[in-house]
Amino acid sequence: MSEPFALNRLPYLVVLLAMLGTASAADLVLAGHRIALSATQQNVVMDLLSGNVTVNVQANQGIKGDGWCPPDQVGSKSITAPWVELRLPNLSTHRISLNGAATQLLPNGDVQVTPLSPGGLQGDGWCPPDITWPTSLRAEPAAVVAGQSTLLIWASAGAQSCNPDGSTYPQGVTSVAGWTGVLPTQSAGRAVAPTVPGSYTFRLNCISSTGARFTQSVPVSVTAEDICAGPHQPPAGLTRHTAFVNIFGLRAIGNQEWAANATLDLTMWNPPKPGQVTTGGINRSVIGNFARAGGDTAAVSMPQNGYLAMKIETAGVLPLAAGSLLTEQPGQNAAPSVMSISRCPGDFAPTDSRCLSVWSGAGGIGWTFGSTPANWCPMTVGVDYYLNMMWFQPGLQVNGCTQSECWWLVAQSCGANCLPN
Amino acid sequence: MKRLVLALAALSVPAVALPATGTLWLDDYWYTIQLDVPMSWTHPLTRLELPSTAMNQCLRANGNPPLSGAIEIRYGAGPQSIFANEPVRVAANAPQIRIRSVSGDLVCTGGTLSPILFQDGLE
């Protein structure tokens, strides 16, 4: 080599030597896996009392599939001392539990430690996740009334597909429309409308290209639909009438089986209010038994601005049972009335018009548990209903009762598939 | 009489926590080493800074200074240095540090000859 040749290349040699001098050749060696130590923060600290080792590393995270970071295992691990603490350039840290008896400082600068586990997990703070969540799964609103919809919102990045597997619903609910099959990897608002009250957990699993599954979930509370709201509420200004006194005149019409001046209940038809017994010692409602053989005629007194709502519990009623309610005006204290059978007390706008006897001097409702005739009010065994009555004419604000109290004359009977009386 | 006074004075000195100590094995001898201060390893220089230790003035058995090697272990005042070509083994559960010098025959003041039975305790 001639002298000019060497002089020409001297600057390059200096640069090369400088690069070699600053490059870090040392690694943290974890059970055969290597993590490059920082070239600038060169100090490794070993606490012999705890066994903890603190190293500064070059990268902020590992590389999926590098031997330490698995391609398909996700999660985090509990950390116990002793550990090696990786101090990352971004100033965060990550710890890996060690066997504290097996740390070695090697002649090439490597720090060799023995981890307790053979590798990390995706998303554990060192190993990068396949999938990230720019927008975590959330529900707006998180509480709805049954039948109303809530919007599920999320955005994943790096996912190839998503699904709702593992979502949990109230007993008897196996799926929710809109939350089945393949789901998009992001949604600005996917509407779902649970129809059954209870606690729902909508789970979203998004699958990466490596098959790793990343999951998020959000709870949604669904309360029962208030079927008695709005038009099914008792008319404003009326008061529920819950009992009346069986005065002499009412006994003359049809209440002879009840003691004079007895207070008779108007809240329960079936079962009758406990303790309310006839002079013959039978516990029953003033209008007789519901869905049992035979029938009854009764006279009821109710104030002008009252309404009555007699509960009908139908558990135990025979299938295909059917019967009728007929009302007419007595000879005194008469008034036209409106009558309904509804799941709501004081509801004079039942959803099914067959369950309404319109305002008139004489009317009736047939009720049926699945038998003919088809134009009678359909009822379902096990569901609670109310027999409602008032003097007021819905809509027209006309009160048919022109006195402080009027009398309601009602006859009811069970005509088919009746329980024995 | 003077000794009795000194003994009483020593007894009246408030008790202080003794520093935590471990064992440093170097060739055929062991030395106590204090553990209150962590050890520092500078990896580009392959240099280990030992905490305070009873080990001092290490020389080869023939009286020569320690041979140089891949790993420099600094200790004591100065500091002084010894060298190793084999990995330095660190065990926190003892705790112990195991060093085999380049020549394998270093003897320092402040040490105790290791029984052969325990020389491989770190294996």
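The values are calculated or read from the model by the stated rules, or taken from the named source; none is laboratory data. Values in this document were obtained by computation on a predicted structure and should not be read as measured data. Virtual Cβ from ideal backbone geometry, glycine too; neighbours counted across all protein chains shown.
A quick yes/no check of all residues on (1) among the β-branched types (Val, Ile, Thr); (2) at pLDDT 95 or above; (3) in contact with a Leu (Cβ under 6 Å, 6 or more places away or on another chain):
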{"position": "A:TRP154", "(1), (2), (3)": "no, yes, yes"}
{"position": "A:ALA157", "(1), (2), (3)": "no, no, no"}
{"position": "A:PRO197", "(1), (2), (3)": "no, no, no"}
{"position": "A:TYR200", "(1), (2), (3)": "no, yes, no"}
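Can you find even one residue in region A:179-192 that is more than 30 Å from A:LYS64 (Cα to Cα), without any contact (Cβ under 8 Å) to a residue 40 or more places away in the chain and surrounded by 15 or more Cβ atoms within 10 Å (Cβ to Cβ)?
Within region A:179-192 (the criterion being more than 30 Å from A:LYS64 (Cα to Cα), without any contact (Cβ under 8 Å) to a residue 40 or more places away in the chain and surrounded by 15 or more Cβ atoms within 10 Å (Cβ to Cβ)), the answer is yes, since at least one residue qualifies.
Taking region A:109-125 as the region of interest, how many residues are outside any strand (DSSP E or B) and at the interface with another protein chain (Cβ under 7 Å from one of its Cβ atoms)? Please lay out each step first, then the result.
Going residue by residue through region A:109-125, those that are outside any strand (DSSP E or B) are A:109-110, A:114, A:116-121, A:123-125.
So of that shortlist, the ones also at the interface with another protein chain (Cβ under 7 Å from one of its Cβ atoms) come out as A:109.
So the count comes out to 1.
Hey, B:GLY76 hits all of (1) at pLDDT 85 or above; (2) under 21 Å from A:LEU98 (Cβ atoms); (3) among the small types (Gly, Ala, Ser) but one; which does it fall short on?
Here B:GLY76 clears every test but (2).
Residues that are closer than 30 Å to A:ALA36 by Cα, hydrophobic (A, V, I, L, M, F, W, C) and facing another protein chain (nearest Cβ under 8 Å): does region B:59-73 have at least one?
yes
Can you name the residue in region A:133-146 that is in contact (Cβ under 8 Å) with a residue 40 or more places away in the chain and in a loop (DSSP other than H, G, I, E, B) and is also farthest from the other protein chains (Cβ to nearest Cβ) among such residues?
Ranking the candidates gives A:ALA146 first.
Does region B:100-114 contain at least one residue that is more than 15 Å from the chain's Cα centre (by Cα), of a type in the set (A, V, I, L, M) and modelled with pLDDT of 95 or more?
Looking through region B:100-114, at least one residue is more than 15 Å from the chain's Cα centre (by Cα), of a type in the set (A, V, I, L, M) and modelled with pLDDT of 95 or more.
Filter the strands (runs of 3 or more DSSP E) completely within region A:240-355 down to those with at least 2 residues that are free of Cβ contacts under 8 Å to residues at least 40 places away in the same chain. Break it down into steps so the answer makes sense when it comes.
Details: elements: A:243-245, A:263-265, A:268-270, A:294-303, A:306-313, A:322-328, A:337-342.
Answer list for region A:240-355: A:263-265.
Regarding A:ASP130, is this residue more than 14 Å from every other protein chain (Cβ to nearest Cβ), touching a residue at least 60 places away in the same chain (Cβ under 8 Å) and charged (D, E, K, R)? Working first, answer last.
Values: more than 14 Å from every other protein chain (Cβ to nearest Cβ): yes; touching a residue at least 60 places away in the same chain (Cβ under 8 Å): yes; charged (D, E, K, R): yes.
Against the criterion (more than 14 Å from every other protein chain (Cβ to nearest Cβ), touching a residue at least 60 places away in the same chain (Cβ under 8 Å) and charged (D, E, K, R)), A:ASP130 qualifies.
Just need a number here: residues in region A:53-104 that are of a type outside the set (Gly, Ala, Ser), assigned to a loop (DSSP other than H, G, I, E, B), free of Cβ contacts under 8 Å to residues at least 60 places away in the same chain and more than 14 Å from chain B (Cβ to nearest Cβ). Working first, answer last.
Within region A:53-104, the first condition is being of a type outside the set (Gly, Ala, Ser), and the residues that meet it are A:53-58, A:60-61, A:63-64, A:66, A:68-74, A:77, A:79-80, A:82-91, A:93-96, A:98-99, A:103-104.
Retained after the next criterion (residues that are assigned to a loop (DSSP other than H, G, I, E, B)): A:58, A:60-61, A:63, A:66, A:68, A:70-73, A:77, A:79-80, A:82, A:88-91, A:99.
Then drop every residue that is not free of Cβ contacts under 8 Å to residues at least 60 places away in the same chain, which leaves A:58, A:60, A:66, A:68, A:70, A:77, A:79-80, A:82, A:88-91, A:99.
Imposing the further condition that a residue be more than 14 Å from chain B (Cβ to nearest Cβ) reduces the set to A:60, A:66, A:68, A:70, A:77, A:79, A:88-91.
Of the residues in that region, 10 qualify.
Which fully enclosed strands (runs of 3 or more DSSP E) of region B:37-112 have 1 or more residues being free of Cβ contacts under 8 Å to residues at least 40 places away in the same chain?
On the way: elements: B:39-42, B:47-49, B:56-60, B:71-75, B:80-84, B:88-91, B:96-99, B:106-109.
Once the strands (runs of 3 or more DSSP E) in region B:37-112 are filtered for at least 1 residues that are free of Cβ contacts under 8 Å to residues at least 40 places away in the same chain, what remains is B:39-42, B:47-49, B:71-75, B:80-84, B:88-91.
With the requirement that a residue be of a type in the set (Asp, Glu) and either at pLDDT below 85 or more than 14 Å from the chain's Cα centre (by Cα) (or both), what does region B:9-37 give you?
Just the residues of region B:9-37 that are of a type in the set (Asp, Glu), to begin with: B:27-28, B:36.
Scanning region B:9-37 gives a single hit, B:ASP36.
Testing A:ALA193 on (1) more than 26 Å from A:PRO350 (Cα to Cα); (2) under 20 Å from the mean Cα position of the chain (by Cα), one condition comes back false. Which one is that?
Condition not satisfied by A:ALA193: (1).
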